[in-house]
Structure formats: C-alpha cells, structure tokens
Amino acid sequence: MSHPPIPTEPVGWPSDATLDKLVGDWSIYQRLKGHKTSTDDVLTAWLAVHTASSVPPDRYLDLGCGVGSVLLLTAHRLKPRFALGVEAQTQSFLLAQATLEQLPPGPVIDVRRADFRELSAPAPGEAFDLITGSPPYCPLGTGVAPKDYQRLACRFEVRGGAEAYVDTAAKMLSPKGRLILVHQTAHADRVLGAAANASLYMHTRVDVRMRKDRAQPFLSVFEFQREDGDTTSISFAIRNTDGQISLDYKRAREELGLETRD
C-alpha cells in the first residue's frame, strides 16, 4: 500500500520545548506542539507498577521511549537498580537526555539513541526483568498522517509496530521478566499473535474504555511472561458518563504518584 512521503526528520533541539512537571519532583522536557505524555503512557506505567512484585526490578528497559514518559513514571515508582530507554528519533532522544540531566538524585537511568530492532541479545546477567513499550498503532497509509515528524512517528509505524516490540522484548527479557505493552483494542490480535510467535504468555489484560458509556474498550494493556499461568482480566473507564475522571483511573494514577484534576 502506498503512503504519503514521510516528513524529513528534524535533528536539532526543538524550538517549542517546555519543561513540565511529571511526577513528584520530577519534570520532563516535551514539545508544546509535539507528542506529550498521554493516557497510553500512564496506563503502561501503571500496569508495570500494579503487577510488580515487592522486589524492585534489577534492570528495566523501555523500548521506543520517546521523550521518556513511561520510562520516568515507571522508574520513579519502582526504583530499579538500572533503567534504560532506547529511542531512534533525534529530537525525542535529545529531550529525554536533557530530562535525565536535570532530574534530582535517584535511580540510575540512561537513554540510548538507537533503533531498538537492532539491539544485540544481552550478555549473561544483563537481560531485563521488566520491559515496557507503547508502540505506534497505525501502519503507514492507514490514516491521515501528521505533518510533524515526531507526532507521525509516535502514531504510525515508521520503524515497525507491535510485532517489532514483542520480538525485541522476547530477545531482551530475563527468564522471569515481564513485558508490558499497550495497543488499541481493535488491533489486540496483532499483539497476541506476536506474543504467541515469541513464546510469551499473557498474565494480565486491562481493557480500557475512554468513557463509561462507550460500548467497547479503546485501549488494552498486556502483561506477558515466558512461563504460562493464570490470566487476570481488568476493565475500567477513564471518564464517567458525565465526563469526570473515574474513580478507577484516579486510583491508577495515585498508584503512580500522579495528581489528578478533573
């Protein structure tokens, strides 16, 4: 399928960068007119925290970390010994790098500019106990593409989609590790198919409606592991029928340490 030309990727520091509060005393650089911390990011980080054991992960990896929203939200709460974000977009990498430089003392967090599909299998003892991913949802040519490169690459599969995230995670995951991935519910079969092909088993599925009166969920968040086991199913809405933030979503945000304003 043909698709419109992809905009040229900018390489310098963005002129519309802002430093915004994220969680606790941590702030994040993001673009005023670009991709920002989203509900998808919050849900991904929340499930990583919600399904965590009492022992913090030793090594944590966020694939396609963008400006670092999921990476920071997860690391802030779980405090892994080492956290790594991998991001291919130049501007998003620069923003994430600048964010890490101004954080107060805390967990060791690094960000690497790379296409995560090209990561080498980890050496013994360097696999990751926790991996998160918030892939783009749309193949190129299946919708109206933004003219802004960063926003386009966050929504459309410029460098692969769910399958690439799952395949890389399966390569990088420790024997007892967990993969947390979010996707649109309408395309959940792609995620489940990729996981099955990678011999990963679903342990938790969260289906999320944007409003309580919506008939179908819009987003699904999954937890996968290498070993088979029971599956926990969770369902809630982001907003009530009156448009106010639901109690379930408030509790999820609180679990991450986030403030909620209706």
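Selection of first residues in region 72-84 that are under 9 Å from PRO56 (Cβ atoms) and of second residues that are surrounded by fewer than 24 Cβ atoms within 10 Å (Cβ to Cβ) and of a type in the set (Asp, Glu), restricted to Cβ pairs under 8 Å at least 6 apart or on distinct chains, gives the following pairs, ordered by first then second residue: PRO80/ASP58; PRO80/ASP129; ARG81/ASP58.
For region 87-126, the set of residues classified as among the aliphatic types (A, V, I, L, M) and either without any contact (Cβ under 8 Å) to a residue 60 or more places away in the chain or assigned to a helix (DSSP H, G or I) (or both) consists of LEU94, LEU95, ALA96, ALA98, LEU100, VAL108, ILE109, VAL111, ALA114, LEU119, ALA121, ALA123, listed by residue number. Among the numbered conditions (1) touching a Pro at 6+ places or on another chain (Cβ under 8 Å); (2) crowded, with 17+ Cβ neighbours inside 10 Å; (3) over 27 Å from TRP26 (Cα atoms); (4) modelled with pLDDT of 95 or more, the only one that ARG226 does not meet is (2).
Of all the residues in region 161-198, those that are within 23 Å of GLU126 (Cα to Cα) and aliphatic (A, V, I, L, M) number 11. Looking only at residues of region 6-39 that are among the aromatic types (Phe, Trp, Tyr) and either under 19 Å from the mean Cα position of the chain (by Cα) or in a strand (DSSP E or B) (or both), we find that the one that is farthest from VAL158 (Cα to Cα) is TRP26. With the requirement that a residue be surrounded by fewer than 17 Cβ atoms within 10 Å (Cβ to Cβ) and among the basic types (Lys, Arg), what does region 172-198 give you? The answer is LYS176, and nothing else.
From the residues in region 241-262 that are of a type in the set (Lys, Arg) and within 20 Å of the chain's Cα centre (by Cα), which one is nearest to VAL23 (Cα to Cα)?
In the first step, residues of region 241-262 are kept if they are of a type in the set (Lys, Arg); the result is 250-251, 253, 261.
Add one more test, that the residue is within 20 Å of the chain's Cα centre (by Cα), and what stays is 250-251, 253.
Values: LYS250: 14, ARG251: 15, ARG253: 10 Å.
Selected residue: ARG253.
Find the residue count for region 46-81, including only residues that are surrounded by fewer than 20 Cβ atoms within 10 Å (Cβ to Cβ) and in a strand (DSSP E or B). Residues flagged as surrounded by fewer than 20 Cβ atoms within 10 Å (Cβ to Cβ) and in a strand (DSSP E or B) within region 46-81 amount to 0.
Quick check on my filter: what residues within region 3-41 are modelled with pLDDT of 90 or more and farther than 24 Å from GLU101 by Cβ? THR39, ASP40 - these are the residues of region 3-41 that are modelled with pLDDT of 90 or more and farther than 24 Å from GLU101 by Cβ.
Could you tell me whether any residue of region 215-226 is part of a loop (DSSP other than H, G, I, E, B), charged (D, E, K, R) and without any contact (Cβ under 8 Å) to a residue 60 or more places away in the chain? Looking through region 215-226, at least one residue is part of a loop (DSSP other than H, G, I, E, B), charged (D, E, K, R) and without any contact (Cβ under 8 Å) to a residue 60 or more places away in the chain.
Looking only at region 131-177, filter to residues that are among the polar types (S, T, N, Q) and at pLDDT 75 or above; which one of those is nearest to PHE224 (Cα to Cα)? Before you say what the answer is, go through the steps one by one.
Applying the first criterion (among the polar types (S, T, N, Q)) to region 131-177 yields 132, 134, 142, 150, 168, 174.
If we keep only those that are at pLDDT 75 or above too, we end up with 132, 134, 150, 168, 174.
Details: THR132: 10, SER134: 14, GLN150: 28, THR168: 13, SER174: 12 Å.
Looking at the filtered set, the residue picked out is THR132.
LYS36 passes every criterion in (1) surrounded by 13 or more Cβ atoms within 10 Å (Cβ to Cβ); (2) in contact (Cβ under 8 Å) with a residue 40 or more places away in the chain apart from (2).
Scanning region 1-33 for residues that are over 19 Å from GLN91 (Cβ atoms), loosely packed, with under 14 Cβ neighbours inside 10 Å and of a type in the set (A, V, I, L, M) yields one hit, MET1.
Within region 90-140, restricting attention to residues that are among the hydroxyl-bearing types (Ser, Thr, Tyr) and in contact with an Asp or Glu (Cβ under 6 Å, 6 or more places away or on another chain), the residue that is surrounded by the fewest Cβ atoms within 10 Å (Cβ to Cβ) is SER134.
The values are calculated or read from the model by the stated rules, or taken from the named source; none is laboratory data. On a predicted model such as this, the values are computed, not experimentally measured, just so you know. When we count neighbours, we look across all protein chains shown, and the Cβ atoms used for this are built from the backbone with ideal geometry, even at glycine.
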